[in-house]
Amino acid sequence: MSPVSSYRRLFRLAGLTYVVIAFLGRLPLAMSQLGTLLLVSTATGRYSLGGLAAGVLAIANAVGAPVAAGIADRVGQRIVVLVQSIAAGLALAGLVTAVRLGAPTAVLVGVAVIAGLSIPQVGPLARARWRPITSDAGAGRERLVDAAFSYEGAADEASFMLGPALVGAVAVVLDPGAALLVAGALLVVFGSWFALHPTAKLAHARKPAGSGARVRFVTPAFVVLGVAQLLIGVVFGATQTGATVLATAEGRPGLAGLVHALLAVGSVLAGLAVAGLPARFRYEQRILVFAGGLVLLSAPLLAVTTLGGLVPVVLALGFVIAPYMISVFVLAEQIVPLRRVGAALTVLAGSTGIGYAVGSGLAGRLADAGGHRPAFAVTVAAAVLAVILAATFRRRLASARSRASAARLQRSAASSDGNGSEWTIVSDDTARVSTT
């Protein structure tokens, strides 16, 4: 099945409306951090306060989103994501109001924490829906799931490119507060729509057999994948910091965001192409290969001296980022218990955010002492660590994948509903996915 055929079939199964809703629903998360930074720093004249508010929002989301996803795995995404979307939309509006009223620092930080805790991570939750959506796809199901994760990786990258761009555009035309209000409105409308879409009910109505018992998903193999995602977050943070330092030194700080967005351009294109890789190219092998690509393509950052010279290097680096991340997410989906997929994938997304904070913080400190080159050295060091991690634990990851695959086959044989599915209908009110 070609990538184009896979994507066409996926969109037919889920419906184009769902694909659009799920993409727009993830934009507010990509908008919230930059929007908060611009709003608070512009209104108060204190970049330290803006950075604090944006930072606590990001950390709160990294902590709160996995908890919410774990609840969603147990009771269903519909009610959890609906409450999150409305609460987060109101919190972002509350943050704008607090800033405009000149509220004290403690209040601003508190509202930012509430917003971060409540913003749903739509990307991981959308990934968790694809296996039940494709449950009746027959022999080509695994290829469709692979294609779905490739699409989701590209969609995440596109959202983190378009989200900040949308914040900048609204801030220029109106003001930073309006940008956060737009993010809040998107959450209330499309986050709620994503929550109420029939795929949410389908994902919960079809539970894996034996889902009554509590199971853990934080195994040694999953921890390895979490560290792998943390390292790619460090790459993001350090690269953006280095680009900002270089652009500021040239007197054009506003171009830093545009240059960093080039990472997403290459990443989106490469992410969509991952669906065409052969199935025999196992995901633990892909992680190692693409980590090697990170080292190879990030090393030229150390030789960059101008913003113009940075452009092709960043663009090329993007072509290995999405394939690396997609491989990590798919392997995680394969090794964790099916009924904990939502929580597991959200933890990985949170690890990326924490890595971003670590990378930007470390690179910023080094840049204060030595400029852009030490900041970019953090990027290269994270890539090297990713290779070491992947090479050291490749066999452990392969073993975990094999065990999980065997366990799923055993459950499928024990609870087959007649067509070999490992999913058992536990509700007579099974949702039907719209194909319009």
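The values are calculated or read from the model by the stated rules, or taken from the named source; none is laboratory data. Keep in mind the model is a prediction, meaning the values are calculated, not measured. Neighbour counts are summed over all protein chains in view; Cβ atoms, including those assigned to glycine, are modelled from backbone coordinates with ideal geometry. To get the accessible areas, we keep the full protein, side chains included, count just its heavy atoms, and leave off ligands, DNA and RNA. Shrake-Rupley method; radii C 1.70, N 1.55, O 1.52, S 1.80 Å.
Overview of values
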{"read-out": "Enumeration of residues in region 263-286 that are more than 17 Å from the chain's Cα centre (by Cα), assigned to a helix (DSSP H, G or I) and more than 16 Å from S6 (Cβ to Cβ)", "value": "Y283, E284, Q285, R286"}
{"read-out": "Test: residue in region 174-187 that is surrounded by fewer than 24 Cβ atoms within 10 Å (Cβ to Cβ), closer than 14 Å to V265 by Cβ and at pLDDT below 85", "value": "no"}
{"read-out": "Residue match in region 257-273 (condition: farther than 30 Å from R141 by Cα, of a type in the set (V, I, T) and open to solvent by 50 Å² or more (accessible area, probe 1.4 Å))", "value": "no"}
{"read-out": "Failed condition for R131, given (1) under 23 Å from the mean Cα position of the chain (by Cα); (2) within 22 Å of L29 (Cβ to Cβ)", "value": "(2)"}
{"read-out": "Residue pairs meeting the criteria (Cβ under 6 Å; at least 6 apart or on separate chains; first surrounded by 21 or more Cβ atoms within 10 Å (Cβ to Cβ), in region 282-310; second outside any helix (DSSP H, G or I) and not basic (K, R))", "value": "L310/V304"}
{"read-out": "Complete set of residues in region 351-394 that are at pLDDT 90 or above and polar (S, T, N, Q)", "value": "T379, T392"}
{"read-out": "Set S412, S421: member being modelled with pLDDT under 85, in contact with a Ser or Thr (Cβ under 9 Å, 6 or more places away or on another chain) and part of a helix (DSSP H, G or I)", "value": "S412"}
{"read-out": "Considering residues of region 99-128 that are crowded, with 17+ Cβ neighbours inside 10 Å and among the polar types (S, T, N, Q) only, the residue farthest from L29 (Cα to Cα)", "value": "S118"}
{"read-out": "Lone qualifier among L29, L95, L24 - being touching a helix residue (DSSP H, G or I) at 6+ places or on another chain (Cβ under 6 Å), within 20 Å of G123 (Cα to Cα) and touching a residue at least 40 places away in the same chain (Cβ under 8 Å)", "value": "L24"}
{"read-out": "Within region 136-203, helices (runs of 4 or more DSSP H) holding 3 or more residues that are within 16 Å of the chain's Cα centre (by Cα)", "value": "141-173"}
{"read-out": "Residues of region 101-122 satisfying the condition of being in a helix (DSSP H, G or I) and either at pLDDT below 85 or hydrophobic (A, V, I, L, M, F, W, C) (or both)", "value": "A106, V107, L108, V109, V111, A112, V113, I114, A115, L117, V122"}
{"read-out": "Scope region 1-17; condition open to solvent by less than 40 Å² (accessible area, probe 1.4 Å) and over 23 Å from A273 (Cβ atoms); matching residues", "value": "G15"}
{"read-out": "One residue from A98, A88 being assigned to a helix (DSSP H, G or I), more than 20 Å from the chain's Cα centre (by Cα), among the small types (G, A, S) and at pLDDT 90 or above", "value": "A98"}
{"read-out": "Residue match in region 240-252 (condition: open to solvent by 10 Å² or more (accessible area, probe 1.4 Å) and among the small types (G, A, S))", "value": "yes"}
{"read-out": "Residue satisfying all of: in region 320-351; surrounded by fewer than 24 Cβ atoms within 10 Å (Cβ to Cβ) and polar (S, T, N, Q); farthest from G70 (Cα to Cα) among these", "value": "Q334"}
{"read-out": "Conditions (1) open to solvent by less than 50 Å² (accessible area, probe 1.4 Å); (2) modelled with pLDDT under 75; number of the one not met by A213", "value": "(1)"}
{"read-out": "Qualifying positions in region 31-48 - surrounded by fewer than 18 Cβ atoms within 10 Å (Cβ to Cβ) and either in contact with a strand residue (DSSP E or B) (Cβ under 9 Å, 6 or more places away or on another chain) or in a helix (DSSP H, G or I) (or both)", "value": "T42, T44, Y47, S48"}
